Amino acid sequence: MLGGTCAIVAGFLGIVQGIVLIAGGSTLIDYSTTSSGLQILLGLVAIPFGFLSIVGGMDARLRTKYKRSLTWAILGMVAYGFLVGAFLGLAAVILIVLSRDEFDGFGE
């Protein structure tokens with residue numbers, strides 16, 4: 001359950017970071033990129049990955065689909081989420097892998 005919670009928080013942080021990057025990334029977050037188009041693109045990538053990480057975290061909390069929750073927790077790391085989200089996504093992946101036997105429908 002803790003791995004699912006980490007994936008949900010990582011996804012939420014990824015969505016928030018994506019919104020911040022789209023709204024005014026160059027003024028709110030300095031990633032030392034000169035192109036605002038790149039920041040908008042990163043924001044547009046982070047938002048769907050964040051949503052998928054939240055869905056994967058819910059699957060992990062319900063212990064229903066192992067492969068999907070693991071894959072989508074990895075997307076939570078890619079969504080980045082102010083660097084904290086990346087570490088939470090990594091923790092989610094590790095915890096989901098460790099609790100592999102607790103999932104129903106392991107082969108799905």
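The values are calculated or read from the model by the stated rules, or taken from the named source; none is laboratory data. Here the structure is a predicted model, which means the values were calculated and not measured. All Cβ positions, even for glycine, are placed from backbone atoms using ideal geometry, and neighbour counts span all protein chains on display.
The residue that is surrounded by the fewest Cβ atoms within 10 Å (Cβ to Cβ), counting only those in segment 83-108 that are modelled with pLDDT of 85 or more and not in a helix (DSSP H, G or I), is L83.
If I go through segment 70-79 residue by residue, how many of them are assigned to a helix (DSSP H, G or I) and in contact with a Phe, Trp or Tyr (Cβ under 8 Å, 6 or more places away or on another chain)?
Going through segment 70-79, the residues assigned to a helix (DSSP H, G or I) turn out to be 70-78.
With in contact with a Phe, Trp or Tyr (Cβ under 8 Å, 6 or more places away or on another chain) added as a condition, the list becomes 75-76, 78.
Count: 3.
Checked against (1) under 23 Å from M1 (Cα atoms); (2) among the β-branched types (V, I, T); (3) modelled with pLDDT under 90; (4) in contact with a helix residue (DSSP H, G or I) (Cβ under 6 Å, 6 or more places away or on another chain), T64 passes all but a single condition, namely (4).
May I ask you to say which residue of G25, G57 is of a type outside the set (F, W, Y), at pLDDT 85 or above, crowded, with 19+ Cβ neighbours inside 10 Å and part of a helix (DSSP H, G or I)? Please lay out each step first, then the result.
Details: G25 fails: at pLDDT 85 or above.
Answer to the check: G57.
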